[in-house]
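Reviewing the structure listed below.
A short reminder: the numbers here are calculations on the coordinates, not readings from a lab. Keep in mind it's a predicted model, so treat the numbers as computed, not measured. We place every Cβ from the backbone using ideal geometry, glycine too, and count neighbours over all the protein chains shown.
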Amino acid sequence: MVSAALEYVRTPLPVAEEAEALNPRQVGTASATKTTGLNPPTEPASRPTRRDPYFDNVKYLAILLVAMGHLWPLVIEGSRATRALYMFVYTFHMPVFILISGYLSRSYTGRPDQMRKLLTGVALPYVVFEVAYTLFARYGTNDPEKPISLLQPFYLMWFLLALFIWRLTTPLWRTLRWPLAVSLVVGALATLTPGIGPTLEFARVLQFLPFFVLGLCMKPGHFLFLRRRGPRALAVLVFAGALPFTYWVTPNIPLNWLYRSRSVQEIGLAWWPGLIRAGALFCCTLVLVAAFLALVPGRRYWFTVLGAGTICGYVLHGFLIRGAQYAGLFDRYPSLSTPTGRVAVTAAMLVIMTLLCTPPVRRVMKCVTEPEMKWAFRRDVAEPRPRLTHVATTSGPESAAVRAVDAPRLR
């Protein structure tokens, strides 16, 4: 596996066509095909292999950070330590998911079968849970007039909408010569553009875009490098230094910087110092993302299987967080906001999130998060067709003629 990863630079894209980091569909990869001359192979050279446990471990551990990031605002008042932990986690937990989403999107070209997975694995869950969260908010806040708007994502639904947009634009980024540089310019311009507004959460979509494009540009060898002994030791030092540093600066850093949902002018800075701070935040985030990826184990553990069900944990845990908020749970029980209470509710949320990612929950939620929906798609585009490669002939009087040769597409 290591040698195949190091040879990736000149091999076709892998088959790993997960609709997104939260909602994997595929359990194998395809080996690269090497042919000589112009004659294509008579049979596909793809060979399914086992699912890489490393990325499932990344997704499970990252989804736990997401849950903590959504829980701690309810108990953050009056605790500098909790605020520091919240800022530390929020600096890199979503960029990790976004980068992995980009990495797993490398083979996306917009084929009909890929579009089907994108629609059923991202767009449909977004629509269903956007409506569900809005109805839940109507009930919890006693506001029956709260509108349902698919153009203005509610709460944590912004990520699914952003993921849909990023995935659709993947072929564009793969055609550019310097995609990462272009995405950084786009993100910087979004940081300096007031008034983008909540429509489509475009501010977040554009400001987080560089992490997705970075994932598109990464290769297996990069992850192998991060998991070496040296980078792992350095990652421990990074985390050991970042935690006290965050505790030191937390009173002076507005939380809005972490959400990337506003321009620097709307946060209260002029454009040039704001751009410098945004650049510094991006660099810090990138270092923490690399450190997190370096520390994630690559072997199979008891929680590895839970990485395949993170879509369920993501879309469901918000109901618990919002439900506790609507019910005024933390106002009625002040003990939950004490140091002991914060530890207790954090541990409880980690257990709940783990249960939400288990295979039984995934099977129950499959009708919404991973539906087949064969009835909604034409049969002739349900599966990828063999690709026709046109090869110029050099024999006979019609030397410029072109013949079509069947070249089965690696899946």
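Observations
- Amide proton proximity set for Gln152, modelled H, under 5 Å, gap of 5+: Leu200
- For the stretch 170-177, 3J(HN,Hα) computed residue by residue from phi via the Karplus equation (6.51, -1.76, 1.60; θ = phi - 60°) reads 4, x, 4, 5, 7, 8, 7, 6 Hz, glycine and proline entered as x.
- Backbone phi angles across the stretch 311-319, fed through the Karplus curve with coefficients 6.51, -1.76 and 1.60 (θ = phi - 60°), yield HN-Hα couplings of 4, 5, x, 5, 6, 9, 5, x, 5 Hz in residue order; Gly and Pro are listed as x.
- A DSSP coil position with no more than 11 other Cβ atoms inside 10 Å describes the following trypsin sites (Lys or Arg not before Pro) in the stretch 312-381: Arg378.
- Members of Lys59/Lys219; Lys219/Lys374; Lys117/Lys219; Lys59/Lys374 lying beyond 25 Å, as alpha-carbon distances in this model show: Lys219/Lys374; Lys59/Lys374
- Per-peptide packing, taken as the mean over residues of other Cβ atoms within 10 Å, places 102-108, 285-291 in the sequence 102-108, 285-291 from highest down.
- Ordering 192-199, 160-167 by mean Cβ neighbour count within 10 Å, with the highest value first, yields 160-167, 192-199.
- Using the Karplus relation 6.51 cos²θ - 1.76 cosθ + 1.60 with θ = phi - 60°, the per-residue 3J(HN,Hα) values for the stretch 101-110 come to 4, x, 4, 7, 9, 4, 8, 6, 10, x Hz, with x marking Gly and Pro.
- Protection proxy ranking, peptides 173-182, 305-314, average beta carbon neighbours within 10 Å, highest first: 305-314, 173-182
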